[in-house]
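This report concerns only the one structure given below.
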Amino acid sequence: MIRRILHVVGARPNFMKAAPVHAALKARGGFAQSLVHTGQHYDPAMSDTLFRQLGLPAPDHNLGVGSGTHAVQTAEIMVRLEPILAADPPDLVLLYGDVNSTMAGALVAAKLGVPAAHVEAGLRSFDRTMPEEVNRLVTDRLCELLLTPSEDGDENLLREGVEPAKIRRVGNVMIDTLARLLPAAVAPPLPGLAAPYVLVTLHRPANVDDPAALAAILKTLMRAAQKTHVVFPVHPRTRARIDAAPSMAPSGSRLILTAPLGYLEFLGLQKGAAAVVTDSGGIQEETTYLGIPCLTVRPNTERPVTVESGTNTLVGSDMTRLEAELDAALSGRGKKGRPIPLWDGRAAERIADELAAWSGWRRPPRPA
Ligand code: UD1
């Protein structure tokens with residue numbers, strides 16, 4: 001029986017996934033839960049506001065690792081997490097998504113012989129130039145229990161030789177949070193904003209760290225803002241790149257740039273958008289659930305179900321295509337999509353059921 005569960009979170013998309021699981025385990029009873037925040041995201045807008053809006057309890061430990069190269073950030077998380085796990089090993093570590101905090105947590109748990117479970121297991125972009133793909137591969141290799149959001153996740157894991165007994169398809173916990181908080185989501189008052197509008201997010205290194213790629217996207221957004229309103233909450237990584245090259249700073253009376261928004265404010269904007277332009281993983285899922293056309297500025301996705309069954313279109317770095325797809329969405333010809341199985345707001349309850357029933361692991365011998 002598993003009784004003591006430790007959640008490891010660190011970056012914005014982790015918080016939306018951990019919140020429903022924490023709540024479902026609490027509602028089920030019989031679990032003692034604790035929470036480690038690695039501090040990968042630390043701005044109030046990227047962290048504290050979300051904790052509050054999502055109803056996550058204050059972390060028991062905040063590792064305060066902050067920013068750094070991938071090696072520095074991952075190593076810092078490992079160094080600071082290890083003594084916490086070693087001093088008081090839980091029965092299970094719960095890890096979320098594909099950020100550096102996820103992989104670092106998996107490595108520390110595996111080295112200490114503490115079993116770990118991965119929420120959002122099995123997703124693959126098959127693109128190892130993405131740091132998240134490396135994090136997914138390592139995390140899934142090391143976890144004892146792999147909780148997948150969709151059928152493709154199971155298939156990827158089986159193809160990699162994972163034992164079927166480790167895999168449980170539970171659905172999408174991000175959608176649990178979305179379904180719960182949708183009624184409370186309200187767009188912030190943004191002067192000058194009117195419907196119809198396009199909502200934009202961009203933060204992937206491939207799009208924002210390369211000045212030519214970023215300039216091309218910003219130019220396309222400025223052209224779109226000649227036809228309709230465009231709202232763009234700017235991630236800190238993207239903000240730093242724009243500030244470093246003031247000549248590319250986007251402008252236009254109908255282009256509205258904001259600081260990163262809270263979950264409820266962003267969701268409020270999302271539900272009213274005519275289309276969304278993004279390179280985020282989670283937003284590809286949220287737009288599919290909401291039935292809003294999503295144009296993803298990436299050549300691939302680890303969430304193919306959003307393209308096959310949902311409202312997502314991959315436009316890659318083809319800005320002519322982006323413009324054409326935006327025109328189509330704005331004139332009502334965007335993808336409509338259909339509901340995805342198990343994206344129903346109850347994934348966390350299924351995880352709680354799985355953890356309550358789970359006895360299929362043996363604690364490996366602890367290193368001396
Ligand atoms: C990370 C995740 C990415 C996820 C994204 C969501 C990895 C490898 N990447 O990317 O998968 O989609 O979070 O936002 O884990 N910064 C701040 N304040 C903060 C956080 C970051 O100013 O609170 C700035 C720093 O300059 C930092 C940069 O943003 O260097 C990037 O942050 P980092 O956590 O390294 O990666 P993200 O781009 O946010």
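Data overview
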{"item": "Any helices (runs of 4 or more DSSP H) falling wholly within region 10-102 and containing at least 2 residues that are free of Cβ contacts under 8 Å to residues at least 24 places away in the same chain", "result": "48-54, 70-87"}
{"item": "Candidate set from region 215-243 (those that are β-branched (Val, Ile, Thr) and within 15 Å of the ligand (Cβ to nearest atom)); member that is surrounded by the most Cβ atoms within 10 Å (Cβ to Cβ)", "result": "THR238"}
{"item": "Which listed residue, of GLN40, GLN53, GLN33, is within 9 Å of the ligand (Cβ to nearest atom) and of a type outside the set (Ser, Thr, Tyr)", "result": "GLN40"}
{"item": "For GLU302: the one exception among (1) at pLDDT 95 or above; (2) on the phi > 0 side of the Ramachandran plot", "result": "(2)"}
{"item": "Boolean, ALA75 is within 16 Å of the ligand (Cβ to nearest atom), open to solvent by 20 Å² or more (accessible area, probe 1.4 Å) and over 17 Å from the mean Cα position of the chain (by Cα)", "result": "yes"}
{"item": "Test: LEU190 is part of a helix (DSSP H, G or I), open to solvent by less than 40 Å² (accessible area, probe 1.4 Å), of a type in the set (A, V, I, L, M) and away from the ligand (no atom under 16 Å from the Cβ)", "result": "no"}
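Yes or no, residue by residue, for (1) out of contact with any strand residue (DSSP E or B) (no Cβ under 6 Å at 6 or more places or on another chain); (2) at positive phi; (3) small (Gly, Ala, Ser); (4) open to solvent by less than 10 Å² (accessible area, probe 1.4 Å):
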residue	(1), (2), (3), (4)
VAL65	yes, no, no, no
LEU94	no, no, no, yes
THR102	no, no, no, yes
ALA110	yes, no, yes, no
ASP127	yes, no, no, no
ASN135	yes, no, no, yes
LEU146	no, no, no, yes
LEU158	yes, no, no, no
GLY171	yes, yes, yes, yes
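Listed here are the residues, each with its yes/no results for (1) within 16 Å of the ligand (Cβ to nearest atom); (2) hydrophobic (A, V, I, L, M, F, W, C).
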| site | (1), (2) |
| --- | --- |
| ALA110 | no, yes |
| GLY122 | no, no |
| PHE126 | no, yes |
| PRO131 | yes, no |
| ASN135 | yes, no |
| THR139 | yes, no |
| CYS143 | no, yes |
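The values are calculated or read from the model by the stated rules, or taken from the named source; none is laboratory data. On a predicted model such as this, the values are computed, not experimentally measured, just so you know. Virtual Cβ from ideal backbone geometry, glycine too; neighbours counted across all protein chains shown. Accessible surface is based on the protein model in full, side chains and every heavy atom, while ligands, DNA and RNA are left aside. Shrake-Rupley method; radii C 1.70, N 1.55, O 1.52, S 1.80 Å.
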